[in-house]
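Just below is one structure, and these are the notes that go with it.
The values are calculated or read from the model by the stated rules, or taken from the named source; none is laboratory data. Predicted, not measured: the structure shown is a model, and the values here were computed from it. Please note: Cβ atoms are built from the backbone with ideal geometry, for glycine as well, and neighbour counts cover all protein chains shown. Surface accessibility is based on the protein's heavy atoms, side chains included, excluding ligands, DNA and RNA. Shrake-Rupley method; radii C 1.70, N 1.55, O 1.52, S 1.80 Å.
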Amino acid sequence: MVLESNNHSVFKLHYHLIMVIKYRRKVIDDSITARLKEIFDYIAPKYNIRVEEWNHDKDHIHVLFTAQPNSELSKFINAY
């Protein structure tokens, strides 16, 4: 296991985000998930976030990502 570090700490923070479509409607296809990932990848570096894994089904998306302790996750999710 490789740990990350900054000036004052050593850490390994993984987050698992699940985004679900309202009423679990089956609307996500490959083109929609590609665009959602493109937006995620555009916003993530501004918050020191790196995508590790991205998967989807027809009604939800799973994102596994890493962040630093100073990342403002609530602001990132709000921006996304």
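Summing Lys and Arg as +1 and Asp and Glu as -1 over all other residues whose Cβ lies under 10 Å from the Cβ of Lys58 gives a net charge of 0. Against the chain, whose longest principal axis is taken from its Cα atoms, helix 30-43 shows a tilt of about 30°. Just the protein heavy atoms count here, and of the accessible area of the chain at 1.4 Å, carbon and sulfur take up 52 percent.
About the centre of its Cα atoms, region 5-80 shows a dipole size close to 240 debye [charges on the beta carbon of Lys, Arg (+1) and Asp, Glu (-1) only; nearest 20 debye]. The stretch between Ser31 and Lys58, if pulled fully straight at 0.36 nm per residue, gains 8.5 nm over its current Cα-Cα span. Placing pseudo-labels 7 Å out from each Cα toward the beta carbon at Arg24 and His8 gives an inter-label distance of 4.4 nm.
The amide H of Asp57, built 1.01 Å from its N in the peptide plane, has His62 as neighbours under 5 Å, considering only residues 5 or more places off or on other chains. Cross-link pairs exceeding 21 Å in C-alpha to C-alpha distance, out of Lys12/Lys37; Lys26/Lys46; Lys22/Lys58; Lys12/Lys58, comprise Lys12/Lys37; Lys26/Lys46; Lys12/Lys58. The residues of the chain present an accessible area of 72 Å² per residue when probed at 1.4 Å with all protein chains retained.
The residue among Trp54, Asn6, Leu73 whose Cα reaches farthest toward the positive pole of the charge dipole of the chain, with charges on the beta-carbon of Lys, Arg, Asp and Glu, is Leu73.
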